[in-house]
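**Student:** Pasting a structure below so you can have a look.
The values are calculated or read from the model by the stated rules, or taken from the named source; none is laboratory data. Just so you know, these numbers come straight off a predicted model, no measurement behind them. When we count neighbours, we look across all protein chains shown, and the Cβ atoms used for this are built from the backbone with ideal geometry, even at glycine. Note: areas computed on protein heavy atoms with side chains; ligands, DNA, RNA excluded. Shrake-Rupley method; radii C 1.70, N 1.55, O 1.52, S 1.80 Å.
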Amino acid sequence: MKISEIFAQKGENYFRKFEQEIILSSFITGNTIISLGGGAFENPETRKFLLNNSTVIYLKTSPETIYERIKNNTTRPLLCGKMSVEKIDEILRIREKNYESASIIINTNNKTPNRIVEEITGALHD
């Protein structure tokens, strides 16, 4: 099922519990990258586990930039029918404290993917 379908049929709580189980059960130490959705890090158990067992990188982006990147995406359950810079800002404000606990924070505004990768690589080697 698509994430939007799970949200619609079973609700966000079901999705978040399933998401947590997948993250915790499939976590592999070593050279592995796990790309989480924005809400995954809101789960206290998942966040604690990741912070204690990995290097967490927060790709910090302004609400305006996020909006420009996803404004035509209709599959984001928390923004479906509410897509706006203001709604994105509201979600980021709620999540900011947890996001800021990441091991590394990279600002992605006005940067190419290659530049972001360079900054991540540099931060990992510091």
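**Student:** Suppose we filter the range 51-60 for residues that are under 11 Å from the mean Cα position of the chain (by Cα) and part of a loop (DSSP other than H, G, I, E, B); how many remain?
**Tutor:** Final tally of qualifying residues: 1.
**Student:** Do we have ILE91 as within 19 Å of GLU42 (Cβ to Cβ), among the β-branched types (Val, Ile, Thr) and assigned to a helix (DSSP H, G or I) here?
**Tutor:** Working: within 19 Å of GLU42 (Cβ to Cβ): yes; among the β-branched types (Val, Ile, Thr): yes; assigned to a helix (DSSP H, G or I): yes.
It is true that ILE91 is within 19 Å of GLU42 (Cβ to Cβ), among the β-branched types (Val, Ile, Thr) and assigned to a helix (DSSP H, G or I).
**Student:** Would you please name the residue that is nearest to ILE66 (Cα to Cα), looking only at residues in the range 97-112 that are touching a strand residue (DSSP E or B) at 6+ places or on another chain (Cβ under 9 Å) and exposed (fewer than 14 other Cβ atoms within 10 Å of the Cβ)?
**Tutor:** My answer is ASN109.
**Student:** Have a look at GLN9, GLN20 and point out the one that is within 16 Å of the chain's Cα centre (by Cα), polar (S, T, N, Q) and at pLDDT 85 or above.
**Tutor:** GLN20
**Student:** Additional query: May I ask you to list the residues in the range 1-38 that are in a loop (DSSP other than H, G, I, E, B), open to solvent by 60 Å² or more (accessible area, probe 1.4 Å) and touching a residue at least 24 places away in the same chain (Cβ under 8 Å)?
**Tutor:** LYS2, THR29 - these are the residues of the range 1-38 that are in a loop (DSSP other than H, G, I, E, B), open to solvent by 60 Å² or more (accessible area, probe 1.4 Å) and touching a residue at least 24 places away in the same chain (Cβ under 8 Å).
**Student:** Sticking with this one: Output yes when any residue across the range 69-87 is touching a residue at least 24 places away in the same chain (Cβ under 8 Å), in a helix (DSSP H, G or I) and either hydroxyl-bearing (Ser, Thr, Tyr) or surrounded by 12 or more Cβ atoms within 10 Å (Cβ to Cβ) (or both), and no when none is.
**Tutor:** No; the residues of the range 69-87 include none that is touching a residue at least 24 places away in the same chain (Cβ under 8 Å), in a helix (DSSP H, G or I) and either hydroxyl-bearing (Ser, Thr, Tyr) or surrounded by 12 or more Cβ atoms within 10 Å (Cβ to Cβ) (or both).
**Student:** So, ILE57, is that one under 27 Å from THR74 (Cβ atoms), open to solvent by 40 Å² or more (accessible area, probe 1.4 Å) and either β-branched (Val, Ile, Thr) or in contact with a His (Cβ under 9 Å, 6 or more places away or on another chain) (or both) or not?
**Tutor:** Answer is no for this residue.
**Student:** May I pose another question? Looking at (1) more than 14 Å from TYR99 (Cα to Cα); (2) over 13 Å from the mean Cα position of the chain (by Cα), which is the one condition that is false for LYS48?
**Tutor:** (1)
**Student:** Would you pick out the residues in the range 113-125 that are of a type in the set (Gly, Ala, Ser) and surrounded by 12 or more Cβ atoms within 10 Å (Cβ to Cβ)?
**Tutor:** ALA123, the sole residue that qualifies.
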